[in-house]
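Notes to accompany the following structure.
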2 protein chains.
Amino acid sequence: MKIYFSGAIRGGREDAELYAEIITHLQQYGDVLTEHIGQMDLQEKMITDKEIHDQDLNWLIESDIIIAEVTVPSLGVGYELGRGVEMKKPTFCFHRSEKTSAMVSGCPDIKTFKYNSLLDLKVFLDEIFQKL
Amino acid sequence: MKIYFSGAIRGGREDAELYAEIITHLQQYGDVLTEHIGQMDLQEKMITDKEIHDQDLNWLIESDIIIAEVTVPSLGVGYELGRGVEMKKPTFCFHRSEKTSAMVSGCPDIKTFKYNSLLDLKVFLDEIFQKL
């Protein structure tokens, strides 16, 4: 099982520690292709934006499932969700905020969950992977 | 010419006045399907998120060109860009911030411009539409 985890990078790193916790939890279910998103000291290597885009897009194409934490608004996460929907990938989004974008919560091909605690989120994830 | 203009809604309305200026400028080139994005008092009507999604997606499908202001990070704008790229729509993004998402600036199917003033932006838009 190849898992594409999506979280904000340039949009804001305030949830980076949470992303790391989610990624660790996901790793019991498969290979998290985007493991670097949880790195607290994530540095952009000396690669171009096109190289970042193409690498991430290849991982998206290769993935079996997309899991996104969408509380911090992110253009990149939205882009990945839009492309993932067109690729018919099973896609699950999680947010702590009261609402998320109507383009995500209103998308019939994305399942969106509001959660309060990391424990809640882990329970949702366990249910999703147990049903696959 | 049907123009899909994309800007942040739930992600943050601090640029709403700017969006209105952009939309007014775009209207000389065609019909801006998403004219409401520039409304300062934009209220979500009593419609569901699915209705918002499906309406916007239909406009996206119908459009000839996508113009997005991406300075305020927005999940919905990113989603629209991702779907637009898959639909092979000509897509142009504008930001005042130093950088925008690598998924957008690094995407070979999106043209991204950094600008400083509304005047700059209008000049870029005029060049784009004159070349179409």
Problem - Single residue of the stretch A:108-128 satisfying the filter (among the basic types (Lys, Arg) and assigned to a strand (DSSP E or B)) that is surrounded by the most Cβ atoms within 10 Å (Cβ to Cβ) - result: A:114
Completion exercise
Residue hits (the stretch A:1-28; among the hydroxyl-bearing types (Ser, Thr, Tyr) and in contact with a strand residue (DSSP E or B) (Cβ under 7 Å, 6 or more places away or on another chain)) are A:4, A:6, A:19
Practice task
Under 7 Å between Cβ atoms, at least 6 apart or on separate chains: pull out the pairs that start in the stretch A:20-49 with a residue that is more than 17 Å from residue A:65 (Cβ to Cβ) and free of Cβ contacts under 8 Å to residues at least 12 places away in the same chain and end on any residue that is surrounded by 14 or more Cβ atoms within 10 Å (Cβ to Cβ) and among the hydroxyl-bearing types (Ser, Thr, Tyr).
Solution key: A:49/B:105
Handout entry: Index of the failed condition, residue B:12 passing every other in (1) at positive phi; (2) free of Cβ contacts under 8 Å to residues at least 40 places away in the same chain
Key = (2)
Exercise for the section: List the number of the failed condition for residue B:117; all other conditions in (1) within 14 Å of the chain's Cα centre (by Cα); (2) under 19 Å from residue B:15 (Cβ atoms) hold. Expected result: (1)
Problem - Within the stretch A:1-107, helices (runs of 4 or more DSSP H) holding 2 or more residues that are touching a Ser or Thr at 6+ places or on another chain (Cβ under 7 Å) and either within 13 Å of chain B (Cβ to nearest Cβ) or buried (at least 19 other Cβ atoms within 10 Å of the Cβ) (or both) - result: A:49-62, A:75-86, A:102-105
Exercise for the section: Look through B:43, B:130, B:39 and report the one residue that is at pLDDT below 95 and more than 22 Å from residue A:107 (Cα to Cα). Expected result: B:39
Exercise for the section: Please go through the stretch A:108-127 and pick out each residue that is free of Cβ contacts under 8 Å to residues at least 12 places away in the same chain and away from every other protein chain (no Cβ under 14 Å). Expected result: A:117, A:119, A:120, A:123, A:126, A:127
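The values are calculated or read from the model by the stated rules, or taken from the named source; none is laboratory data. Keep in mind that what you see is a predicted model, and the values were worked out from it rather than measured. Using ideal geometry, Cβ is built from the backbone for each residue, glycine included, and neighbour counts are taken over all protein chains shown.
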